[in-house]
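The values are calculated or read from the model by the stated rules, or taken from the named source; none is laboratory data. Predicted, not measured: the structure shown is a model, and the values here were computed from it. For neighbour counting, all protein chains shown are included, and Cβ atoms are generated from backbone atoms with ideal geometry for every residue, glycine included.
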Amino acid sequence: MDNDAFQELNPVVQKWVYKQGWNDLRDIQNDAIKPILSGKTDVIISAATAAGKTEAAFLPACSAIAEDTESFGILYISPLKALINDQYRRLESLCDMLDMKVTAWHGDSSQSKKKHARRNPQGILLITPESLESLLIRDAGWVRMAFESLKYIIIDEYHAFIGFERGNHLQSLMHRLENLLDRQKTPIPRIALSATLGDMDNVLRYLRPDNSIPCSLIKGSQTKTSLKMQIRGYINQDSQEDNEQEEFVNTPLSAEKQVVQDLYELLRGDSHLVFANSRQRTEHIAVMLSELCQQNLVPNEFFPHHGSLSKELRTELESRLQKDTLPTTAVCTMTLELGIDIGKVKSVCQVTAPHSVASLRQRLGRSGRRGDPAILRMFITENELNANSNIVDKLRIELLQSIAMIRLLLSEKWYEPADTELFHFSTLLHQILAIIAQWGGVRADQLWELLCKSGPFNKVTIEHFKILLSDMGEKRLISQLSSGELVLADKGEKLVDHYTFYAVFKTPEEFRIVFDGKTLGTLPVDSMVIPEQHIVFGGRRWKIKEIDVDKKVVYVISAKAGKPPKFGGHGMSVHDRVRQEMLRIYLEGDYRISVGNTKLEFMDATAKNLFYEGLSFFRELKLEKKHIISHSKHVYIIPWMGDKVVNTLTILLIKSGYKASCYAGVIEIDNANYSEISEFIQSISEKDIPSNAELAEFIENKQIEKYDYLLPDNLLNEGYGAKAFDIVGTIDWLTKVKIR
């Protein structure tokens, strides 16, 4: 390796590279050396999973701090403790050769290692945002000393932060750390690593909102790995069974068993990942697969992996995958979507439509080891059609969405950009409390400057900020001294002193679903829920009568309608582009992917039949020309737009007295006729147009982020409105389409 960039690395680092037996560095590793060693620019390294991003960041960063012994030189921040442990293992041999310390610091790290690092902070500190928050609040003086010579902040799995409350928290932490170290004029370079990044201009701005130093983008070359892909279709037969406790009782065992049987036959004997999305479904499929192993008198190869499992069980499975000595299939939620080093698996399976194109891309990156092609299999189940079938089933929406996501990923190389236009008032409230706790007392103008004017909450106005501080005072979270400084009040102190304070995120709250005094089960409420709306639960359709937010209960009555659609969206927010691609596929009448002059086939016979059933229904109703139809005692609006526009139209209808519900991008209106709905939709842009925040007033449960319950109503409406609705996009859609 005689290239100029490689020669700039520390000689010991060069020796380590030779010791790995590498003939040359990869492109991203070569390209990252000079900008990182310069210490004058932020760097984003975007490349496929297993493309060498970790080495691209750490080889030059470790070279730069090789002689430093006064404090930590590199701060590595990860969204997962498991990823920290993984990186600790990967860095060990390099750091041993450099005689450099590496410290993993999180909730599961031993106290002895933390005490040693406290006494002698050196080398690399690997930490989660939550543990860094704890250090800033509890021991800011030590942090100032321990990071005095900090040269780099490395952020792993960067895409997991962008656009979420945890991303704003991370931005705030990095900004606060620079202020604590008095590094505003000499900012600490940030190196972000990610496999999935869309809308690069937005991403570059998001890394450092104040744009105080430039940012270099290093993108990995498009991988030449070939791909084998198939969608397999399955049909749910009508079932008389009724078990309301079962999450997917609406997927009768015949279809479910067939999927599991196929998984067993296809996957046994090698290592794979099966993404089942929900925890219940993950457990169910894993149990059925292990029972098949037992029945066939062979060792079990199938194991669940999700966030509720114990650390020991998860670590054991990750280690088994990494060693690659025994055939192992992990049936998982998104826990194995991020870059924990489990090696490459032979194939990735998706049982249900993926949440997003970005998620599908990330998962696919796990497959294709040692030059073998990546293998993606989707197992999509649709309901058998009958006289009472729902329009969502007749259009075969889940299958269509799966096809659209595959085409966008492979043909368009597109995936969803992060939503960076949200306010995240919950996280702002948290950071106000955290900074006051860190310093003991802070002036309001200092908080505004640090968090909003030059910090990550730049969408927040001064008026928003004043309203929030005033309300926090009324709720006794903060109080103001005669000197003007803000300090924690009694309720603020109680909140900050609790060990759960350091995290800004929470899992969706489970609401009990109650019918006639009987609890049917629990449902994570992470999407729009409104009285009079229909929901699907336990294989049946219910109408919401009342929501008790305080008691976390949704009271329902039975809705006497046709069989509910199997595919209800499950709270995921589908992007406009995905639904527009779904429409385009039906307009073309062809699902195949064009490569040169050939069309690639990727569905089995059942999936093809299901597609042509949906296409036939689409044409029968003339949906290529219509967005509003009357069908089976209901009026439907099908905008072929993302969930924000669908939510907006639904709420506008409800606000005007209609009984409207939405499933998978389709709006259903009870007791209405085509003419009045058509007239109403056409008149929307002519009326006084409400804001997103005004639409949010109609939602009972708006507490999505962790501290939303502490926000004043007007800020809660503003924040929820930005997340759930898009009145501008809706009006834009109305001006572009002709309502017939």
Qualifying residue in the stretch 594-604 (condition: over 28 Å from Leu410 (Cα atoms) and more than 26 Å from the chain's Cα centre (by Cα)): no
Boolean, Ala607 is within 30 Å of Leu715 (Cα to Cα) and in contact with a helix residue (DSSP H, G or I) (Cβ under 8 Å, 6 or more places away or on another chain): no
All positions within the stretch 493-506 that are farther than 19 Å from Gln703 by Cα and either in a loop (DSSP other than H, G, I, E, B) or in contact with a helix residue (DSSP H, G or I) (Cβ under 7 Å, 6 or more places away or on another chain) (or both): Val496, His498
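Which of the strands (runs of 3 or more DSSP E) contained wholly in the stretch 507-587 include at least 2 residues that are within 22 Å of Leu395 (Cα to Cα) and modelled with pLDDT of 65 or more? Spell out how you get there, then give the answer.
Details: elements: 510-515, 518-524, 534-537, 540-548, 553-558.
Result: 534-537, 540-548.
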Filtered residues of the stretch 397-440 (kept if without any contact (Cβ under 8 Å) to a residue 60 or more places away in the chain and either assigned by TED's automatic domain parsing to the domain that holds Ile231 or closer than 25 Å to Tyr720 by Cβ (or both)): Ile432
Residues that are surrounded by fewer than 16 Cβ atoms within 10 Å (Cβ to Cβ) and outside any loop (DSSP other than H, G, I, E, B), drawn from the stretch 323-333: Lys323
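Would you confirm, using the coordinates I've provided, whether Thr648 is part of a helix (DSSP H, G or I) and in contact with a Phe, Trp or Tyr (Cβ under 9 Å, 6 or more places away or on another chain)? If you could, list the steps in order and put the result at the bottom.
Values: part of a helix (DSSP H, G or I): yes; in contact with a Phe, Trp or Tyr (Cβ under 9 Å, 6 or more places away or on another chain): yes.
It is true that Thr648 is part of a helix (DSSP H, G or I) and in contact with a Phe, Trp or Tyr (Cβ under 9 Å, 6 or more places away or on another chain).
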Flag for Val635 being without any contact (Cβ under 8 Å) to a residue 60 or more places away in the chain, surrounded by 17 or more Cβ atoms within 10 Å (Cβ to Cβ) and either aliphatic (A, V, I, L, M) or not in a helix (DSSP H, G or I) (or both): yes
Restricting the stretch 127-159 to residues that are more than 20 Å from Gly107 (Cα to Cα) and charged (D, E, K, R), the residue that is surrounded by the most Cβ atoms within 10 Å (Cβ to Cβ): Lys151
Some residue of the stretch 247-267 being farther than 30 Å from Thr41 by Cα, at pLDDT 75 or above and not in a helix (DSSP H, G or I): no
Residues satisfying the stated conditions in the stretch 660-686, i.e. in contact (Cβ under 8 Å) with a residue 40 or more places away in the chain and assigned to a helix (DSSP H, G or I): Tyr674, Ile677, Ser678, Ile681, Gln682, Ile684, Ser685
Val274, sole failed condition from (1) modelled with pLDDT under 90; (2) closer than 27 Å to Asn85 by Cα: (1)
Filter result for Ser356 (buried (at least 24 other Cβ atoms within 10 Å of the Cβ), at pLDDT below 90 and farther than 30 Å from Glu620 by Cβ): no
Qualifying positions in the stretch 20-31 - touching a helix residue (DSSP H, G or I) at 6+ places or on another chain (Cβ under 8 Å) and either among the β-branched types (Val, Ile, Thr) or over 13 Å from Asn3 (Cβ atoms) (or both): Ile28
Filtered residues of the stretch 687-718 (kept if surrounded by 20 or more Cβ atoms within 10 Å (Cβ to Cβ), in contact with a His (Cβ under 9 Å, 6 or more places away or on another chain) and outside any helix (DSSP H, G or I)): Glu705, Tyr707
Criterion (outside the structural domain of Leu433 (by TED's automatic domain parsing) and at pLDDT below 95) met by exactly one of Glu613, Glu718, Glu668: Glu668
Residues within the stretch 431-455 that are under 18 Å from Lys466 (Cβ atoms) and either assigned to a helix (DSSP H, G or I) or touching a strand residue (DSSP E or B) at 6+ places or on another chain (Cβ under 6 Å) (or both), tallied: 16
